[in-house]
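Enquirer: Got a structure for you, written out below as structure tokens; questions coming shortly.
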Amino acid sequence: MTFRRRVRLDTSQVRDLRGRGVSRGGMALVGGGGGIGILVLLAFVLLGGDLGSVLDGGVGRPAVEAGPSGSLVSCETGTDANERRDCRVVGFVNSLQVYWDDVFTASGLAYEPAPTILFSGAVDSSCGFASSATGPFYCPLDRSIYLDLTFFDDMRMMLGAQGGPFAEGYVIAHEYGHHVQHELGALGAGAREAGAGGSSVRIELQADCYAGAWSADAADTGYLREPTGSEIATALDAAAAVGDDRIQQRTRGDVDPHTWTHGSSRQREDAFLLGYDGSDPGACAVLLDEAL
């Protein structure tokens, strides 16, 4: 099992907008679509987290106001997290908040917890309107992570990832890596440069590295059991599935490193392992010169 069965979950860290209608107001970041169109869109924003860069410095609206819904209220223990995907998200978020609070405190810094907002279909965030096709993202304007749970199925069925609980944990940890970067002032620092060695890729790789560092010490947060080798393998597989080269090959039949914004499959795996093997987010400094 991934989670300790008796650990208590804190649902206040996850806001649930699923099933609520949303009006398409403000800047529309992405449109709808399906099939290959979603894959093409994912190639640009998949696991990108920092939609503030898409806004090009635009002024955000107030943060989304929402509390935990009745469905999350029933997420009480690690047993629930092992049995239900939405409860599992709560458990991962709880673990990540504890982990980063401990890391920041050890560095003499204050960590501001970031909520995760679950939505279905579409959401109107402070960074603009987004559909499920956007994939998970972090909005620095309201310091929140947005996630439609159907992404985990898309990742498996459309992008060829194995999937599984710890692969889902990697996705969430990557987005919290962007929150940490924002807290440290690493996001929004000038124009993003595309390409295999560009600043956009390095930002994404550092978020992967932070996800690896959390994975190495996740059991110490009290929420999870020590990840097994096979669980870490599913996280690496997920990182590879969302590599720019893999997505380009699937969607257009060729690979152009000059247009990469997130990194190749190999780069993303290596970045995750840099954090995991070092068991220290400080090891991720080499990727962006910004670290704790």
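Enquirer: If I ask for residues that are assigned to a loop (DSSP other than H, G, I, E, B) and either out of contact with any Lys or Arg (no Cβ under 6 Å at 6 or more places or on another chain) or surrounded by fewer than 14 Cβ atoms within 10 Å (Cβ to Cβ) (or both), which ones from segment 99-116 would you list? Before the answer, list the steps.
Expert: Just the residues of segment 99-116 that are assigned to a loop (DSSP other than H, G, I, E, B), to begin with: 107-115.
If the condition is that a residue be assigned to a loop (DSSP other than H, G, I, E, B) and either out of contact with any Lys or Arg (no Cβ under 6 Å at 6 or more places or on another chain) or surrounded by fewer than 14 Cβ atoms within 10 Å (Cβ to Cβ) (or both), then Ser107, Gly108, Leu109, Ala110, Tyr111, Glu112, Pro113 are the ones that fit.
Enquirer: Consider Val180 carefully, then state whether it is crowded, with 24+ Cβ neighbours inside 10 Å, β-branched (Val, Ile, Thr), modelled with pLDDT of 95 or more and farther than 21 Å from Glu112 by Cβ. Talk me through it step by step, then tell me what you get.
Expert: On the way: crowded, with 24+ Cβ neighbours inside 10 Å: yes; β-branched (Val, Ile, Thr): yes; modelled with pLDDT of 95 or more: yes; farther than 21 Å from Glu112 by Cβ: no.
No, not satisfied.
Enquirer: With the condition kept exactly as written, say whether any residue in segment 107-117 is modelled with pLDDT of 95 or more, within 30 Å of Arg250 (Cα to Cα) and not polar (S, T, N, Q).
Expert: Checking segment 107-117: at least one residue is modelled with pLDDT of 95 or more, within 30 Å of Arg250 (Cα to Cα) and not polar (S, T, N, Q).
Enquirer: Would you confirm whether or not segment 204-221 contains a residue that is out of contact with any Pro (no Cβ under 7 Å at 6 or more places or on another chain) and assigned to a loop (DSSP other than H, G, I, E, B)? I'd like the intermediate steps shown before the answer.
Expert: Of all residues in segment 204-221, those out of contact with any Pro (no Cβ under 7 Å at 6 or more places or on another chain) come to 204-209, 211-212, 214, 216-217, 219-221.
Next, from what is left, pick out any that are assigned to a loop (DSSP other than H, G, I, E, B): none.
Within segment 204-221 (the criterion being out of contact with any Pro (no Cβ under 7 Å at 6 or more places or on another chain) and assigned to a loop (DSSP other than H, G, I, E, B)), the answer is no, since none of the residues qualifies.
Enquirer: If only one of Ile232, Ile203 is of a type in the set (Val, Ile, Thr) and under 26 Å from Met157 (Cβ atoms), which one is it? Spell out how you get there, then give the answer.
Expert: Values: Ile203 fails: under 26 Å from Met157 (Cβ atoms).
The unique qualifying residue is Ile232.
Enquirer: If we keep just the residues of segment 265-289 that are more than 21 Å from Phe137 (Cα to Cα), modelled with pLDDT under 90 and not small (Gly, Ala, Ser), which is surrounded by the most Cβ atoms within 10 Å (Cβ to Cβ)?
Expert: Among them, the one singled out is Asp280.
Enquirer: Taking segment 217-235 as the search range and keeping residues that are aliphatic (A, V, I, L, M) and buried (at least 21 other Cβ atoms within 10 Å of the Cβ), which one is nearest to Val90 (Cα to Cα)?
Expert: Only one residue fits best here, namely Leu224.
Enquirer: Separate question: Restricted to segment 184-193, and to residues that are modelled with pLDDT under 80 and hydrophobic (A, V, I, L, M, F, W, C), which residue is farthest from Tyr276 (Cα to Cα)?
Expert: Taking the candidates together, the pick is Ala191.
Enquirer: Hey, another quick one. Would you check which residues across segment 241-264 are touching a residue at least 24 places away in the same chain (Cβ under 8 Å) and buried (at least 20 other Cβ atoms within 10 Å of the Cβ) and list them?
Expert: Answer for segment 241-264, where residues must be touching a residue at least 24 places away in the same chain (Cβ under 8 Å) and buried (at least 20 other Cβ atoms within 10 Å of the Cβ): Ala241, Val242, Gly243, Asp244, Arg246, Ile247, Gln248, Trp260, Thr261, His262, Gly263, Ser264.
The values are calculated or read from the model by the stated rules, or taken from the named source; none is laboratory data. Every value quoted in this text rests on a predicted model; they were computed, and no experiment measured them. Neighbour counts are summed over all protein chains in view; Cβ atoms, including those assigned to glycine, are modelled from backbone coordinates with ideal geometry.
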